[in-house]
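Worksheet for the structure shown next.
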C-alpha cells in the first residue's frame, strides 16, 4: 500500500533530503561487508581496501576480488568482439530491432546538441574557447538484480558523439547477453567483466589489462558510488548517483491507472527508490492508491516495490498545482512527470529537475529506453546544480588567448600593478618586460 501524506508529513519524511553519506545502509549489506572484510569494517573502509589492492597489485587484485566478492574465477576479464556479436545474434529479432531503434534515437538526439568552440576579436586580438574531447572514458554498467543494456547505450553513445577516442566499459562478471549485445551495437571492440569497486579502481588507476581512463561515468551500487567518491581527483566523474527517484505532478485529468503504473515502474528499481505523487485532487489520490495495490499483485518484483512504497514513496495532497510545483522544486527530482491538462503552463514554474516529462504521453519509461536523451540523470537533489549525462560531459574547454601587440601594451601595466599588489614581483616583471625599452 502506498500512503497518502499531508505536506507537513511529507516534508518530514519522503520529501526530506539526506546527505548521500547519511543514507541508511541496509543491515544485510553491513553484515555481508563484515563477513568479507572483518568485524567493524564499514563499506567505505572496505572500498578503500579494494582500491589500494588494485592500485598495488593490478590484475592479480582483480582476480582476487572477483573470487572473493563475485564468486567467479576468471581466466581473463576481457570479452572480445566475437562474443559481443554472438550475443547480439542470440537475441530475438524483435529485441534486436528495439535495441537498434533505441541506439539510433540516442545517437540522433545527442548529435543535435550544440557543442561550439568560439572566438571573439572585440577584446583585442583573438580570445575564445576551444572544445576537445576527453581522450579516455570509463563507463560502468550495473549488473545487479536486472541487466541494464540501456545504461550502456545511454552512456557510451554520447561519448562517441563527443569524439572520445577510447571507451572502456566494465560490468559485473558473467554479463547478460543483452549487455554484450548493446556493446556490439555501440561498435565497441570488447568490454571487461569486472564489477563493483574493483572496476572503478581498475579504470581509475589502470592495470596490466585495463587501460587507465581520464573520467568515469555510470551509476552503480553503494560500493561503486563510494569508490567513485574516493578516486575523484585521480579521474573526473559524472556525479555520485544515489537511489533513483520519480515525482509525478497530476491533476483531475490524469488517468489513475497510468499514474499508478508510472509510480510502480520507478519503485521496482530498488528498495531505496522513491516514487512520489503530488496532487491537489483527493479523488485521484485515492484512485491511484487503489490502482497501485491492484497492479502490484501481477508484478514480478513486488517484494522490492513493497519496500520502496512503504519507506521512500507516497502520495502528497497539495492545495493546488502551484504548491505541487514548489514542492517539486524543493525536492529537485531526477525525473519529474507533469501529468496535467496544461503541462506547458506548469513547466514555467519548474526550476529543478533532471528530466522533464510533459503530459501522460511522455511517460518516464520511454525516457528510460527509447526517447533519446540519456537516462543517466542527477539524483539526491543534485538537479539543483547538475545535468543529465550529455555530450558536454565528454568534452573539455581550453581557453584560447592570442592578444595583439596593442592589447599587450594596454593590458600589461594593469597586470603588473595587480601582480605587485599580490606581492608577486616575478609576475610583475614578466608583464613589464613586454612594455619596457629593453629586453634585459
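The values are calculated or read from the model by the stated rules, or taken from the named source; none is laboratory data. Note that the coordinates shown come from a computational prediction; the quantities given were computed from them, not determined experimentally. Heads up, the Cβs are rebuilt from the backbone with ideal geometry, glycines too, and the neighbour counts pull from every protein chain shown.
Miscellaneous remarks
- Elements of the type helices (runs of 4 or more DSSP H) sitting completely within segment 163-265 and holding at least 1 residues that are modelled with pLDDT of 95 or more and more than 19 Å from the chain's Cα centre (by Cα): these cover 177-185, 196-205.
- In segment 66-79, the residues that are closer than 18 Å to residue 206 by Cα, out of contact with any strand residue (DSSP E or B) (no Cβ under 7 Å at 6 or more places or on another chain) and surrounded by 19 or more Cβ atoms within 10 Å (Cβ to Cβ): 66
- Tally, over segment 266-304, of residues that are under 26 Å from the mean Cα position of the chain (by Cα), surrounded by 17 or more Cβ atoms within 10 Å (Cβ to Cβ) and assigned to a helix (DSSP H, G or I): 3
- Remark: pairs (first residue in segment 115-126, surrounded by 13 or more Cβ atoms within 10 Å (Cβ to Cβ); second residue in a loop (DSSP other than H, G, I, E, B); Cβ separation under 8 Å; 6+ apart in sequence or on different chains) = 124/403; 124/404; 125/403; 125/404; 126/403.
- Just so you know, in segment 351-409 the residues that are buried (at least 17 other Cβ atoms within 10 Å of the Cβ) and farther than 30 Å from residue 178 by Cβ include one that is nearest to the chain's Cα centre (by Cα), and it is 381.
Matching residues to (1) outside any loop (DSSP other than H, G, I, E, B); (2) touching a strand residue (DSSP E or B) at 6+ places or on another chain (Cβ under 8 Å); (3) surrounded by 13 or more Cβ atoms within 10 Å (Cβ to Cβ):
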{"site": "18", "(1), (2), (3)": "no, no, no"}
{"site": "35", "(1), (2), (3)": "yes, no, no"}
{"site": "44", "(1), (2), (3)": "yes, no, yes"}
{"site": "50", "(1), (2), (3)": "yes, no, yes"}
{"site": "64", "(1), (2), (3)": "yes, no, yes"}
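- Test result for residue 84, over 17 Å from residue 208 (Cβ atoms), outside any loop (DSSP other than H, G, I, E, B), touching a residue at least 24 places away in the same chain (Cβ under 8 Å) and within 28 Å of the chain's Cα centre (by Cα): yes
- Any hit, segment 298-310, residues being in the same structural domain as residue 252 (by TED's automatic domain parsing) and within 21 Å of residue 382 (Cβ to Cβ): yes
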